[in-house]
Amino acid sequence: MFEREALISDSSVATQRKIAIQALPLARVSQNTGFIFGLPSSYAEIWHYRDLLGQLTRREIRAKYKASVLGILWSLVRPLVQLLIYYFAIGQVLGAARSIPDFAIYVFSGLTLWGLFVEVLTLSPQSLLSNGGIIKKVYVPRELFTLSAIANALLNFGIQLILLVIFTFITGAVPPLAEIGYGVLGLAIVIVLTFGLGLLISAINVYVRDLEHLIGVLLTIFFWLSPIVYTFAFVKTTLQGFWLELYLANPVTVAVMGFQKATWRAGSEALDTWPDDLMTRLIVALVVAVVFTFIAQRLFSRMQRSIAQEI
Amino acid sequence: MSTSIATLHDVSKRFKVFTEKTLKERFLYFNSAREHAQEFWALRDVTLEIPLGSTLGLVGHNGSGKSTLLKILGGIFQPTSGDVLRRGRMAALLELGAGFHPDMTGRENIFLSSALVGMSKKETQRHLEEIIDFSGIEQFIDTPVKFYSSGMYVRLAFAASIFSDPDLLLIDEVLAVGDEPFQAKCLSKIREFQREGRSIVLVTHSSATIREFCDQVAVLDRGKLRFAGETHAGLDVLNGIYAESSKLDSRPQADAHIRGVTVKPSRVNATGEVPLGASLAVSIDLDLREVAEPATVEVRFVAGSGQLAYQLSSRDLSLEIPEGAQSVTLAFDLKDQHLGGGEYQVGVELIDGFQRSVAKRNRAAAFFVESAPFGQGTARFDVTGSVS
């Protein structure tokens, strides 16, 4: 009974809160899905929850390497094994290493960026489904789950990149700093593109779960459509005109080449390894990726409305 | 300028349930897709205003749409039609430990959990001592939560989400967590929230909780808002709905043997509650065809908390049901009641001569007992105290 009286008595905290809240406008509880006007609020909301992104990423990493002795070092095993296989099978046995100088660095450079792309796209079909517990009980911008997949993959990417740089120092093939812009652009393309693709994949996979199987198949095909274990010089001799342009229309292909140009010194010395105006192509690819991702996010914003009840 | 923290206007929510998911199935059943989608309306044209600084209790049957309404308010579900407006900072306590990872320590999970309710890392750090202190598990805070007992788990989860300084707090039946001292702690935290002028919407099945905390009640019945307003009137509406559905329960095909159960108190107070010392007349109509003799009847009073308050068998009173009787009325007169305050459900069970349960109704009737000025539980005493 005493408590009730305390409730009625107008404590100043309560009055202040009341005044403060009354000053706020009543706002609609839902994402503004307007194609243009909803855009700023979407990103403002993601920004507001940036600390959660860190927490989610930590949680994912913890989940992945729980109770393993080597922990995050395992993330290096796969690319290193791939490197060894491609180095011996394609480099030595098939002889590609003879025409590609520093073949190991070349392959590892390509695998590093391609690995980032693959990891995000492999994680994204499950990124909403596996967080169903949160999505069904708490409202947070759902883009965060894709972003945390990217953050996760970036961690592995970072470790591989450090290893790659160490390799270049050991072999004496330290890439010149002048080319670093190509690498940054390549990385930016992959990050922006995987954000857009990841959003679409994660949302569609909630409704049609076949997507996660399809992704694996497509990634295998696209691996061979980018110059990772062979160079662009081979492509130029086999494809002409329209087909060559089509090959280069793949933004990941351009991004991988940009990244290789920045990290593989032997390539920057031999000019004919790259397509003409690679820088222009990188910039165009980035613009295309940005536009695509903006559209993808708007579509996602609409699809995510009914996600909590579909999971 | 309105004085509400949130308003719902003509809100409806339709759910569609698809049964098939793979491409093959979609292809095979393409033409009959519509038949495979079942839909139902979880909410229908709900218009509700939540006044600033109030504590609103959301009540109704299982499946009446309470949780859906709460999730729409929290932004988790989008309404199919209608408008939901809200202002201020909101925190939803719909499930304790949502997002907890078993391999992370208690401390790490606090950061995750409070980030989920929109707190920044800095804010969490500022409240960290308080949160750990509130959860009462300092010793284990750096242990992975998978080693926690379920009690420790919910205590940590509750503590981690309650310090987020919300203007509007949504709670879904999570108040009854932990042991009794911890529950008391949670409840006093809620009181503190009320004093600080925060608004609360709370879903519960306990009339006692509603009576104790809420100044507003909204009653939902199969997706429709039946009542919104003052607490006592709201609980009356709720009891009406419960009574209706227990009538439905007694449809002949459900259990042919227990035809009707009524409870009549000798007197009631202004709000319809049974006062101390009143007597209760329980009357049970039975159909004993095809029941092996000799049959016995058990009557149970179950408190709102689910606790059995009282049980009585016709055998205790040596009541003999005459042999060959087909239709019988049993009457019990329970004198001078000393039950604790709250709602009681009357359950009736018919047991045949082979000690088999022939028919059983758990919510055959209900009554309300007025709250005691002091003391808690299913019994009530006149107490005098002294200190020496």
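The values are calculated or read from the model by the stated rules, or taken from the named source; none is laboratory data. Everything numeric in this text was worked out from a predicted model, so none of it was measured. All Cβ positions, even for glycine, are placed from backbone atoms using ideal geometry, and neighbour counts span all protein chains on display. Just so you know, the surface numbers come from the protein's heavy atoms only, side chains and all, with ligands and any DNA or RNA stripped out. Shrake-Rupley method; radii C 1.70, N 1.55, O 1.52, S 1.80 Å.
List of remarks:
- B:Ala270 being part of a loop (DSSP other than H, G, I, E, B), closer than 25 Å to B:Glu212 by Cα and open to solvent by less than 20 Å² (accessible area, probe 1.4 Å): no
- Conditions (1) within 14 Å of chain A (Cβ to nearest Cβ); (2) outside any helix (DSSP H, G or I); (3) in contact (Cβ under 8 Å) with a residue 40 or more places away in the chain; (4) among the small types (Gly, Ala, Ser): number failed by B:Gly57: (1)
Per-residue answers, yes or no, for (1) touching a residue at least 60 places away in the same chain (Cβ under 8 Å); (2) in a helix (DSSP H, G or I); (3) closer than 29 Å to B:Gly240 by Cβ:
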position	(1), (2), (3)
B:Glu39	no, no, yes
B:Ser67	yes, yes, yes
B:Lys71	no, yes, yes
B:Asp83	yes, no, no
B:Gly88	yes, no, no
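- Count of residues meeting criterion [of a type in the set (Gly, Ala, Ser) and crowded, with 23+ Cβ neighbours inside 10 Å] in the stretch A:76-119: 2
- The residues in the stretch A:193-235 that are without any contact (Cβ under 8 Å) to a residue 12 or more places away in the chain and away from chain B (no Cβ under 14 Å) can be counted, and the count is 5.
- Residue match in the stretch B:117-134 (condition: buried (at least 21 other Cβ atoms within 10 Å of the Cβ), within 30 Å of B:Gly306 (Cβ to Cβ) and within 14 Å of chain A (Cβ to nearest Cβ)): yes
- B:Ser206 meets all of the listed conditions (1) among the polar types (S, T, N, Q); (2) open to solvent by 40 Å² or more (accessible area, probe 1.4 Å); (3) within 30 Å of B:Ser4 (Cβ to Cβ) but one, namely (2).
- Any hit, the stretch A:241-261, residues being touching a Gly at 6+ places or on another chain (Cβ under 9 Å), open to solvent by less than 30 Å² (accessible area, probe 1.4 Å) and either of a type in the set (Gly, Ala, Ser) or over 23 Å from A:Thr280 (Cβ atoms) (or both): yes
- Checking B:Asp10 against (1) open to solvent by 30 Å² or more (accessible area, probe 1.4 Å); (2) within 11 Å of chain A (Cβ to nearest Cβ); (3) more than 24 Å from the chain's Cα centre (by Cα); (4) at pLDDT 90 or above, the condition it does not meet: (2)
- Residue within the stretch A:56-69 that is assigned to a helix (DSSP H, G or I), modelled with pLDDT of 85 or more and open to solvent by 80 Å² or more (accessible area, probe 1.4 Å) present: yes
- If you go through the stretch B:77-116 and keep only what is open to solvent by less than 20 Å² (accessible area, probe 1.4 Å) and at the interface with chain A (Cβ under 7 Å from one of its Cβ atoms), you end up with B:Phe77, B:Val84, B:Arg87, B:Ala92, B:Leu94, B:Ala98, B:Gly99, B:Met104, B:Leu112, B:Ala115, B:Leu116.
For every residue, the table says whether it meets (1) over 29 Å from A:Leu211 (Cβ atoms); (2) assigned to a helix (DSSP H, G or I); (3) of a type in the set (Ser, Thr, Tyr); (4) touching a strand residue (DSSP E or B) at 6+ places or on another chain (Cβ under 8 Å).
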| position | (1), (2), (3), (4) |
| --- | --- |
| A:Ile134 | no, yes, no, no |
| A:Leu144 | no, yes, no, no |
| A:Ala173 | yes, no, no, no |
| A:Gly181 | yes, yes, no, no |
| A:Gly186 | no, yes, no, no |
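- Checking A:Ser130, A:Ser124 one by one, the residue that is crowded, with 22+ Cβ neighbours inside 10 Å and touching a helix residue (DSSP H, G or I) at 6+ places or on another chain (Cβ under 9 Å) is A:Ser124 and no other.
- Pick from the stretch B:329-388, criterion without any contact (Cβ under 8 Å) to a residue 40 or more places away in the chain and at positive phi, ranking: least open to solvent (accessible area, probe 1.4 Å): B:Gly377
- Residue, least open to solvent (accessible area, probe 1.4 Å), within the stretch A:16-31, restricted to residues that are more than 7 Å from every other protein chain (Cβ to nearest Cβ) and modelled with pLDDT of 80 or more: A:Ala20
- Complete set of residues in the stretch B:193-215 that are in contact (Cβ under 8 Å) with a residue 60 or more places away in the chain and assigned to a helix (DSSP H, G or I): B:Gln194, B:Ser207, B:Ala208, B:Thr209, B:Ile210, B:Arg211, B:Phe213
- Residue in the stretch B:166-179 that is among the aliphatic types (A, V, I, L, M), assigned to a helix (DSSP H, G or I), touching a Ser or Thr at 6+ places or on another chain (Cβ under 9 Å) and open to solvent by less than 10 Å² (accessible area, probe 1.4 Å) present: no
- Selection within the stretch B:296-310 - in a strand (DSSP E or B) and open to solvent by less than 80 Å² (accessible area, probe 1.4 Å): B:Thr296, B:Val297, B:Glu298, B:Val299, B:Arg300, B:Phe301, B:Val302, B:Ala303, B:Ala309
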